[in-house]
Amino acid sequence: MWLTVVTAFAAGVLGTNAFPHFAKGMMGEEFPNVTGNAPVRNAVAGVLGLVMAVLLGYAADLGAYPWPGFVASSIGALVMAVFHGMRGAFWLNRVLGKPIPAPVYAHR
């Protein structure tokens, strides 16, 4: 069961982390990324993150332990959502000495 919990947690983290990179990349906007802030790099990172999350979810054997897997993946997703909600990607770029992209504001 613990392998399911750990793997499902990692799938939740990776899948949730992939989403903003994929979305910003698809919109042609820069977003903090350890490989570079360019939209194409973010789109690629987002797709790879989603693929890895699906593979981890498959490897987690969620059919054998559905509730522990569901709870673990939900907690992983929550951890990454809070990280991004607190602008953790921008903080991480600053700590790593990488450039921080300017925020994009919606036009009204």
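Observations
- Listed by first and then second residue, the pairs linking a residue in region 67-78 that is open to solvent by 30 Å² or more (accessible area, probe 1.4 Å) to a residue that is among the aliphatic types (A, V, I, L, M) and in a helix (DSSP H, G or I), with Cβ atoms under 6 Å apart and 6 or more places separating them unless they lie on different chains, are P68/V5; S73/A8; S73/A11.
- Residue count, region 30-45 (criterion: touching a His at 6+ places or on another chain (Cβ under 8 Å), open to solvent by 20 Å² or more (accessible area, probe 1.4 Å) and part of a loop (DSSP other than H, G, I, E, B)): 1
- Sole residue being within 19 Å of A18 (Cβ to Cβ) and modelled with pLDDT under 95, chosen from G85, G69, G63: G85
- Any hit, region 11-24, residues being in a loop (DSSP other than H, G, I, E, B), of a type in the set (A, V, I, L, M) and open to solvent by 30 Å² or more (accessible area, probe 1.4 Å): no
- A64 part of a helix (DSSP H, G or I) and of a type in the set (A, V, I, L, M, F, W, C): no
The values are calculated or read from the model by the stated rules, or taken from the named source; none is laboratory data. For clarity, every value in this text was computed on a predicted model and none was experimentally measured. As a convention, Cβ positions derive from the backbone with ideal geometry for all residues, glycine included, and neighbour counts pool all protein chains shown. Keep in mind that these areas ignore ligands, DNA and RNA; they rest on the heavy atoms of the full protein, side chains included. Shrake-Rupley method; radii C 1.70, N 1.55, O 1.52, S 1.80 Å.
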